[in-house]
Amino acid sequence: SLSIDSGGEYSATDGTTTLTSTSAVGGQHSFRNEGTFTHNDGKVSMTQTSDNNCQIKLGGSSFYDLDIETYPKSNRCIDTFLVDNDLTMINGYFTQNNKTVVVSGTCQIQGDAQFYGNAVAGGPTATFGALDILENGTYSATSGTTTIGGTNDTPLSRTDPGVFTHNNGTVEFGDGTG
């Protein structure tokens, strides 16, 4: 896990930072930022196999690239969740937890990985540059608005039997400029 206390700073490598466990500080966290996190265009890879579900608290910062490989446990947002480039869910679960999610690049959901939006009325927003649901991957949308697209030529791809569930939310394609 990575915990950055108030006033603390962490400047990540431009390669890969691997998080393999959780911290019990302030709840079970795989990533907790209350200071300053600088991603330096690097990747954070969460591969913990703890017995606990984990929380991700970005504290106003963002990841550049993020890989999640935490099966059978889940990671859930504690605050606004920002990925400046790509989110790759290899396995495990990611829960939006009624928070805004923005992945500027591609969100790829691989086999046995599951992304859960919120199925509560008026849920939060989720925005992806592209959404790629591979075989056995699951995207369960927010009941709010999911926006997919912008500059990517293939904003949504799904490989059978990949699953896309709309949860009675709105799904928009493109950057919203018409």
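The values are calculated or read from the model by the stated rules, or taken from the named source; none is laboratory data. The structure presented is a predicted model; accordingly, all values stated were derived computationally and were not measured. Methodologically, a virtual Cβ is constructed for each residue, glycine included, from the backbone with ideal geometry; neighbour enumeration extends over all protein chains shown. Surface areas here come from the heavy atoms of the whole protein model, side chains and all, with no ligands, DNA or RNA. Shrake-Rupley method; radii C 1.70, N 1.55, O 1.52, S 1.80 Å.
Quick look at the numbers
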{"item": "Within region 64-76, considering residues that are in a strand (DSSP E or B) and in contact with a Lys or Arg (Cβ under 9 Å, 6 or more places away or on another chain), the one modelled with the lowest pLDDT", "result": "R76"}
{"item": "Unique match (being over 11 Å from the mean Cα position of the chain (by Cα), farther than 22 Å from T142 by Cα, open to solvent by 20 Å² or more (accessible area, probe 1.4 Å) and at pLDDT 95 or above) among G35, G26, G42", "result": "G35"}
{"item": "Top-ranked residue in region 1-23 [being in a loop (DSSP other than H, G, I, E, B) and at pLDDT below 90; ranked as most open to solvent (accessible area, probe 1.4 Å)]", "result": "T20"}
{"item": "Subset of region 98-126 (residues that are closer than 20 Å to T70 by Cα, open to solvent by 50 Å² or more (accessible area, probe 1.4 Å) and among the hydroxyl-bearing types (S, T, Y))", "result": "Y116"}
{"item": "Among the candidates D86, D79, residue that is on the phi < 0 side of the Ramachandran plot, charged (D, E, K, R) and either modelled with pLDDT under 95 or surrounded by fewer than 19 Cβ atoms within 10 Å (Cβ to Cβ) (or both)", "result": "D79"}
{"item": "Residue tally, condition surrounded by 19 or more Cβ atoms within 10 Å (Cβ to Cβ) and within 15 Å of D160 (Cα to Cα), over region 127-137", "result": "4"}
{"item": "Whichever residue in region 50-76 is open to solvent by 40 Å² or more (accessible area, probe 1.4 Å) and among the hydroxyl-bearing types (S, T, Y) and, among such residues, is nearest to L156 (Cα to Cα)", "result": "Y64"}
